[in-house]
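See structure below.
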Amino acid sequence: MQGLWLIAFIVQWAIVLMLVTLVIGILRYLVSVKERWNLAIPAITKYELQEQIDDFELPNVVGIKIKSIDVISRSGAIILLISPTCQSCGALLAQVLEIASRHDIIFSQPIIVIVLGAKESVEHLLSNYPGLSSSQVVILIDEQASTARQFGVDAVPTGFTVDHKGRMISQTSNPHLANWLYTVMKVPLPKEPIVTGPVTRRVPTAYLKN
C-alpha cells in the first residue's frame, strides 16, 4: 500500500512539474510575440504612457515666446504637431476650428497646436482658418522642427494629451481620424462630418525644412 502511495505522489508531482513547464513556455512565447509586435509598430513618440514629456518654448503667431509649462500646468493640454504642407493636418485644423467656434463649450484643457514650418507658410495656412487662435487654442511656430525631434515624432499629424504635470496620457498618429479629438475633449460630435474624403496620408518630419 505504501508503495502505491509513493507512486501516486511521484506521478502527481510529475504532472505539476509538466504543467509549470508548460505555463513558463507559454509565457515566454507571449513575451516574444509582444516584442515582435512592438518592433512591427513604429513608436508614435519617444514617451511611454505616464512618462513626463520634456518642456519646450516656442513663439506664438505674434512672436511672443510661450513656455509649455505655463500652459500645461493649469489643467494639462492636448498637443497637436502639424505642418502647412500636410493634407491630413488641414483636416485636423478644421476639427479644431469647429470645436473652437462653439461658444457654448469651455475647454477642459487647452489645445496647443505646434506648426512645423517657416513663419510665412504658417501664416498662409492659418489664413485659411480665421478665428482659430484663441485663449483656448494656442498656436506655436516651430521653424526648425525642433519639437518633432525632441518628442521623437517622425511624421505629422501627431497628437497626444498630457496631464497638469506633463505626463503622457494618450497619443495617436492619426489625430484627425476616428473622432479622436472629440473623444479626448469629451465634446459631442458635429451634426455633419467636418472631414470628408481620403485624408490618411501623413508627412514624414524628415521632409520638413530644418
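Coordinate-derived values only; no laboratory data. Worth saying up front: this structure is predicted, and the values here are computed from it rather than measured. For neighbour counting, all protein chains shown are included, and Cβ atoms are generated from backbone atoms with ideal geometry for every residue, glycine included.
So here's what we get for this one:
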| read-out | value |
| --- | --- |
| Extension reserve of the R167-A14 stretch, reckoned as 0.36 nm per residue once the Cα distance is removed | 50.2 nm |
| Relative contact order for the range 86-191, counting Cα pairs under 8 Å that sit 6 or more residues apart, in percent | 28 |
| Given charges at beta-carbon only (K, R positive; D, E negative), |dipole| of the range 57-207 in Debye | 300 |
| Gain on full stretching of the segment that runs from E192 to D55 - 0.36 nm per residue minus C-alpha separation | 45.6 nm |
| Local electrostatic count, G166, Cβ distance below 15 Å [Lys/Arg +1, Asp/Glu -1] | -2 |
| Within-14-Å neighbourhood charge of G152 [Cβ basis; K, R +1; D, E -1] | -2 |
| Contour excess over end-to-end distance, with Cα ends at I105 and E123 and 0.36 nm allotted per residue | 3.9 nm |
| For the range 23-155: rounded, prolate or oblate by the Cα gyration tensor [a/c cutoff 1.5] | prolate |
